[in-house]
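Take a look at the structure below.
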Amino acid sequence: MKNFLRLSLLLFPLLWLTSCFDILDKVNVKADGTGEYTIILNASKSKTRLASISKMETINGKKVPKKSEIENKINEAARIFKATPGISNVKTSMDFDNYIIKLSCNFKKIENINAGLEQLKAKNILGKMIPTQIYSQNLEKKSLTRNKVNTFKADYDKMGKADKEIFNNARYTSVMQFESTVKSQTNTSYVLAPNKKAVKLEADILDLIFQKKQLQNTILFQ
């Protein structure tokens, strides 16, 4: 839970200043285990407010990051991912008119994404308590697992009222697409596509924080 939340907010610090943003976490996995990973941070619904805030030095006691600082943070994350074995074709895009940021890459096996996140943690791009072992796959057993992670509730409870408000209208979407056909899954909160080659979970971030919805899921393929 904390991974997508903290990763997104650390890569895009202005999101701490608005409660209306969306996170899309997408994985496309081929039958041989290779694939593509994408994360998109979309705060376009708050672009007018963010445009005004970006001209300020501080707000609510927090320093407002400059465009160059955000770019440097994202470029650093991209460089770290590029240096991770098994990861290639790392791409980033930053739309500061609509406040949409995208990072994508290809992987030889899905565990390479875990390794990339570990490197981000080692370089202090991610906080030390953030889980990084997000995915695992067993090609012989024809299974892919989105691993269980600890709840973010204890950290959320320690936040002040202003910091808690940023999550009020925040949304998270997880999409996992496959070349193989899905036989079954353990978490029915993920909607199975009609062609049985994709699953999708949509949730308010607060529902994930309070464990009303779970991210953990094990998928078996035919």
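The values are calculated or read from the model by the stated rules, or taken from the named source; none is laboratory data. All values reported here derive from a predicted model rather than from experimental measurement. Here the Cβ is made from the backbone with ideal geometry for all residues, glycine too, and neighbour counts use every protein chain on show.
So which residues in the stretch 190-211 are outside any strand (DSSP E or B) and within 15 Å of THR173 (Cβ to Cβ), if there are any at all? It would help to see each step written out before you state the result.
Of all residues in the stretch 190-211, those outside any strand (DSSP E or B) come to 190, 193-197, 205-211.
Scanning the stretch 190-211 gives TYR190, ALA193, ILE205, LEU206, ASP207, LEU208.
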Flag for LYS164 being free of Cβ contacts under 8 Å to residues at least 12 places away in the same chain, out of contact with any helix residue (DSSP H, G or I) (no Cβ under 6 Å at 6 or more places or on another chain), of a type outside the set (Asp, Glu) and surrounded by 13 or more Cβ atoms within 10 Å (Cβ to Cβ):
yes
For the stretch 117-133, check the following and say yes or no: at least one residue is within 28 Å of GLN214 (Cβ to Cβ), surrounded by 13 or more Cβ atoms within 10 Å (Cβ to Cβ) and touching a strand residue (DSSP E or B) at 6+ places or on another chain (Cβ under 8 Å).
no
Name the single residue that is farthest from the chain's Cα centre (by Cα) among those in the stretch 154-189 being farther than 21 Å from ASP22 by Cα and part of a helix (DSSP H, G or I).
ASP157
With the stretch 73-153 as the region, which strands (runs of 3 or more DSSP E) entirely inside it contain at least 1 residues that are free of Cβ contacts under 8 Å to residues at least 24 places away in the same chain?
87-95, 135-138
Would you check which residues across the stretch 169-214 are free of Cβ contacts under 8 Å to residues at least 24 places away in the same chain and over 20 Å from TYR156 (Cβ atoms) and list them?
THR188, VAL191, LEU192, ALA193, PRO194, ASN195, LYS196, LYS197, ALA198
Among (1) modelled with pLDDT under 85; (2) surrounded by 15 or more Cβ atoms within 10 Å (Cβ to Cβ); (3) over 18 Å from PHE81 (Cα atoms) - the single one LYS62 does not satisfy:
(2)
